[in-house]
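See below for the structure under consideration.
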Ligand code: SF4
Ligand code: SF4
């Protein structure tokens, strides 16, 4: 569920996206999510990829597994089929206000949308703060270099539960 405008234009790299996007400085401190433009909304996504992990609900709580959607590139943490994701993956979720406010919470606690909607600021490693898309990976906050496996062929998700601090 990576909301990345640049995924729609393969000619634009993540770093160019941050450099060329014309937005009000620190817009996330001045506007509510409801007031943001499409560009602002999409810039909020830090590209962590953690929302693309499979999850199961146990006793009213969402538990994450280390199995990832088969269409997630585990190094770039980007969706390989972004423009067609809803056709190919029926349970792929759009990140909208309903998804952000859903209970039990299913977005990771580092997700920028969830943080802002719950009164927190963006973390110091967020690409909007650093100006570089790679800072989420360098801070170890994305799925890059983590022990995840593709969901292909897996059905016993309860055997893949994880308890990472940033979920
Ligand atoms: S299709 Fe899979 S990888 Fe792509 S956004 Fe949806 S859950 Fe993530
Ligand atoms: S968890 Fe939130 S910030 Fe991370 S990729 Fe998903 S939508 Fe973007």
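So here's what we get for this one:
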read-out	value
Those residues of the range 21-39 which are part of a helix (DSSP H, G or I) and either surrounded by 10 or more Cβ atoms within 10 Å (Cβ to Cβ) or modelled with pLDDT of 95 or more (or both), in sequence order	27, 28, 29, 30, 33, 34, 35, 39
Failed criterion for residue 149 (all others in (1) farther than 19 Å from residue 40 by Cβ; (2) out of contact with any strand residue (DSSP E or B) (no Cβ under 9 Å at 6 or more places or on another chain) hold)	(2)
Residues located in the range 110-160, provided they are in a loop (DSSP other than H, G, I, E, B), surrounded by 13 or more Cβ atoms within 10 Å (Cβ to Cβ) and at pLDDT below 95	132, 133, 134
Criterion violated by residue 43 - all others in (1) away from ligand 1 (no atom under 13 Å from the Cβ); (2) surrounded by fewer than 16 Cβ atoms within 10 Å (Cβ to Cβ); (3) at pLDDT below 95; (4) outside any loop (DSSP other than H, G, I, E, B) satisfied	(2)
Among residues of the range 59-84, those that are touching a strand residue (DSSP E or B) at 6+ places or on another chain (Cβ under 9 Å) and free of Cβ contacts under 8 Å to residues at least 40 places away in the same chain, counted	3
Positions within the range 109-144 being at positive phi and free of Cβ contacts under 8 Å to residues at least 24 places away in the same chain, in sequence order	119, 140
Test: residue 88 is more than 15 Å from the chain's Cα centre (by Cα), farther than 20 Å from residue 57 by Cβ and either more than 13 Å from ligand 2 (Cβ to nearest atom) or in contact (Cβ under 8 Å) with a residue 60 or more places away in the chain (or both)	yes
In the range 98-108, residue surrounded by the most Cβ atoms within 10 Å (Cβ to Cβ) [restricted to those that are in contact (Cβ under 8 Å) with a residue 12 or more places away in the chain and away from ligand 2 (no atom under 13 Å from the Cβ)]	101
Residue match in the range 58-75 (condition: under 26 Å from residue 121 (Cβ atoms), at pLDDT 95 or above and within 12 Å of the chain's Cα centre (by Cα))	no
Residue 83, sole failed condition from (1) assigned to a loop (DSSP other than H, G, I, E, B); (2) modelled with pLDDT under 95	(1)
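Listed here are the residues, each with its yes/no results for (1) part of a loop (DSSP other than H, G, I, E, B); (2) at pLDDT below 95; (3) more than 16 Å from ligand 1 (Cβ to nearest atom).
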residue	(1), (2), (3)
1	yes, yes, no
7	no, yes, no
10	yes, yes, no
17	no, yes, yes
55	no, no, no
99	no, no, no
108	yes, no, no
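The values are calculated or read from the model by the stated rules, or taken from the named source; none is laboratory data. The shown structure was predicted, so the numbers you read here are calculated from the model rather than taken from an experiment. Counting neighbours? That spans all protein chains shown, and the Cβs are built from the backbone with ideal geometry, glycine included.
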